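Working notes, beginning with the structure itself.
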Amino acid sequence: MEPISEKEKIQTTIAALRRRGFDARFAENSEVARKIALDLVPQDWIVGCGDSATIRSIGVLQDLADLGNRVLNPFFQPKIMREKPQPTPLRVFKQTVMGCDVFLASSNAVTQDGKIVNIDGGGNRVAGMIFGPLRTILVVGRNKIVQDVNEALDRIKNEIAPVHSRTTGISLGKLCAEAGKCVEPETFCEPGVRACNIIVILEGKPPDAWREIVVILVDEDLGLGWDPAWPQERKDKIYAGYKAFTPPHRPVVE
Ligand code: SF4
């Protein structure tokens, strides 16, 4: 079978997401994605967000704050974070997820048959995605489209987790950061160093009329995610883009 082009992959994935009830949209680039996201947020809505280099990179949080929305962002600006990473109070995280009308995040991977795959260490990002907000907006770069759930989990554990842990200096994911790939099943990844604690796969949009899940698929590489077989140059560029918008880890304190 002929390999399909990146554009065809995006269109196939959008169609599959729509079949599953998600409101899937296409954006030619990150600027268009930013505009789509902005149009989806009424001015009086409270905005929450997950930890996402993609969301930070498209600048939508700053736009919303400038427009007068209350933005709950425990991750702040990367520059400020680098200068002075402070612990985040637990109540701030809780409020970010449960106290918002709209939640913005990305996803670790989206399959070509329309499933949204995420692995979280603490769960605040996936919690905000699945219940609470009236609208969830996920902005996903083309580099995060995968064939199926197996490929998604393989990529997240063997590519994303080690790189993310190494970049943020977080102790969660220490073992794969050192090994360059997931150490399981040969070595048990114990609590305390395990970053892969919560796996959430959205296989369909929940039926409640009051909530919407919008997925904006962008024809541009955004955030952390790649096929290991891609040319090193493309992977380096993706990493540089992700790193520029990824602050060091902030511990959560009560
Ligand atoms: S299970 Fe542990 S070693 Fe494997 S990817 Fe997750 S954090 Fe890394």
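Quick rundown of the values:
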quantity: Filtered residues of segment 147-173 (kept if among the basic types (K, R) and more than 17 Å from the chain's Cα centre (by Cα)); calculated: R166
quantity: Hits in segment 166-178 - residues which are near the ligand (Cβ under 10 Å from one of its atoms), out of contact with any Ser or Thr (no Cβ under 6 Å at 6 or more places or on another chain) and in a helix (DSSP H, G or I); calculated: K174, L175, C176, E178
quantity: Any strands (runs of 3 or more DSSP E) falling wholly within segment 93-145 and containing at least 1 residues that are aromatic (F, W, Y); calculated: 102-105
quantity: Which numbered condition K157 misses (of (1) within 18 Å of Y242 (Cβ to Cβ); (2) within 10 Å of the ligand (Cβ to nearest atom); (3) outside any helix (DSSP H, G or I); (4) at pLDDT 95 or above); calculated: (3)
quantity: Residue satisfying condition, being farther than 18 Å from I116 by Cα, away from the ligand (no atom under 11 Å from the Cβ) and surrounded by 12 or more Cβ atoms within 10 Å (Cβ to Cβ), within set W230, W210; calculated: W230
quantity: Answer residue from segment 174-197, given it is surrounded by 15 or more Cβ atoms within 10 Å (Cβ to Cβ) and within 17 Å of the chain's Cα centre (by Cα) and is nearest to R19 (Cα to Cα) among those; calculated: C196
quantity: Top-ranked residue of segment 179-193 - restricted to ones that are in contact (Cβ under 8 Å) with a residue 12 or more places away in the chain and farther than 28 Å from Q112 by Cα, ranked as farthest from the ligand (Cβ to nearest atom); calculated: G192
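The values are calculated or read from the model by the stated rules, or taken from the named source; none is laboratory data. It should be emphasised that the depicted structure is a prediction, and the values quoted were computed from it without experimental measurement. All Cβ positions, glycine included, derive from the backbone under ideal geometry; neighbour counts span all protein chains shown.
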